[in-house]
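The values are calculated or read from the model by the stated rules, or taken from the named source; none is laboratory data. All figures in this text were calculated on a predicted structure; none of them were measured in a lab. FYI the Cβ positions are ideal-geometry reconstructions off the backbone, even for glycines, and counts take in every protein chain you see. With ligands, DNA and RNA removed, areas are computed over all heavy atoms of the protein, side chains included. Shrake-Rupley method; radii C 1.70, N 1.55, O 1.52, S 1.80 Å.
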Amino acid sequence: MTRLAPPRKPRARSQARIDSILDAARALLAADGVASLSIYSVAERAGIPPSSVYHFFASVPALLEALTADVHEAFRESLQQPIDHERLNRWPDLSTLVEARMLAIYREDVAAQQLILAQHGLTEVTQADRQHDIELGKLLHALFAMHFQLPTLPDDVDVFALAIELADRVYARSVQLHDQITERMAEEGMRVFDAYLGLYLPPYLPKRAQQP
């Protein structure tokens, strides 16, 4: 008699296990930083066997890359939130709005600060962050083009992605010195963001017609 293959676990169950692993890793990151993270510490925090963590994440860098993707998903969602077109008079109004949203994510998620702004020396995480920044830069470029008529920008430099990275360096300095993004350094990060974009965007850009 032919034996039937056992049914696969429901995808929702697997996702729930992944979520519990990521939540545990996020809590450990927020409490003690990257140095505290291991497959075993995450398993203990999540209340599951280490083999269950290894089933989904082969290593700590793989786990951190998944968390980095989660953080950047939150950034992408912040760029996709509604914007009142009528309240935008100049392009810095838009840049201030989107940077404030990104800062709010950093401040609400200490693990995000540890992943992206702290000095952990993990090449895989740094490379993943840079790749995500490129994607965010494209979204930001499209968002600016939706509300303002942009000039021709260079092809060999991703201006918006680089602006994001430069602001992050300021926030990283604040985390290094103060273990948080202070109000003063938040202001400086926004100044850096606008100053770099201002090298390519004139002070006044024609505003597009009312968005649908």
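Looking across the stretch 29-65, just one residue is in contact (Cβ under 8 Å) with a residue 40 or more places away in the chain and touching a Phe, Trp or Tyr at 6+ places or on another chain (Cβ under 7 Å), and that is 63. May I ask you to verify whether residue 165 is modelled with pLDDT under 95, within 16 Å of residue 190 (Cβ to Cβ) and in a helix (DSSP H, G or I)? Judged against the criteria, residue 165 is a match. Of note, residue 109 does not satisfy the criterion of being out of contact with any Gly (no Cβ under 8 Å at 6 or more places or on another chain) and more than 19 Å from residue 183 (Cα to Cα).
For the stretch 176-187, state whether one or more residues are open to solvent by less than 50 Å² (accessible area, probe 1.4 Å) and outside any helix (DSSP H, G or I). There is at least one residue in the stretch 176-187 that is open to solvent by less than 50 Å² (accessible area, probe 1.4 Å) and outside any helix (DSSP H, G or I).
Of 109, 129, 156, all but one fail to be open to solvent by 60 Å² or more (accessible area, probe 1.4 Å) and either touching a Leu at 6+ places or on another chain (Cβ under 8 Å) or not basic (Lys, Arg) (or both); the exception is 156.
What are the residues in the stretch 128-144 that are acidic (Asp, Glu) and farther than 24 Å from residue 92 by Cβ, if any? Hit for the stretch 128-144 is 129, nothing else. The lone criterion from (1) hydroxyl-bearing (Ser, Thr, Tyr); (2) within 30 Å of residue 31 (Cβ to Cβ); (3) exposed (fewer than 15 other Cβ atoms within 10 Å of the Cβ); (4) touching a residue at least 60 places away in the same chain (Cβ under 8 Å) left unmet by residue 204 is number (2).
Of the set (1) within 14 Å of the chain's Cα centre (by Cα); (2) under 15 Å from residue 78 (Cα atoms); (3) open to solvent by less than 20 Å² (accessible area, probe 1.4 Å), all apply to residue 144 but (1).
The set of residues in the stretch 167-192 that are closer than 17 Å to residue 105 by Cα and hydrophobic (A, V, I, L, M, F, W, C) comprises 167, 170, 172, 175, 181, 185, 186, 190. Scanning the stretch 82-108 for residues that are outside any helix (DSSP H, G or I) and in contact with a helix residue (DSSP H, G or I) (Cβ under 7 Å, 6 or more places away or on another chain) returns 83, 88. Taking the conditions exactly as written (over 19 Å from the mean Cα position of the chain (by Cα), more than 23 Å from residue 63 (Cα to Cα) and among the polar types (S, T, N, Q)), does residue 180 satisfy them or not? So residue 180 does not fit the description; no. Could you tell me whether residue 72 is touching a helix residue (DSSP H, G or I) at 6+ places or on another chain (Cβ under 7 Å), closer than 22 Å to residue 176 by Cβ and touching a residue at least 60 places away in the same chain (Cβ under 8 Å)? Yes, satisfied.
Among the residues of the stretch 34-89, those identified as under 23 Å from residue 150 (Cα atoms) and either surrounded by 15 or more Cβ atoms within 10 Å (Cβ to Cβ) or touching a Ser or Thr at 6+ places or on another chain (Cβ under 6 Å) (or both) are 75, 78, 79, 83, 85, 88. Going by the structure shown, is residue 149 farther than 20 Å from residue 202 by Cα and of a type outside the set (D, E, K, R)? For residue 149, the condition - farther than 20 Å from residue 202 by Cα and of a type outside the set (D, E, K, R) - is not met.
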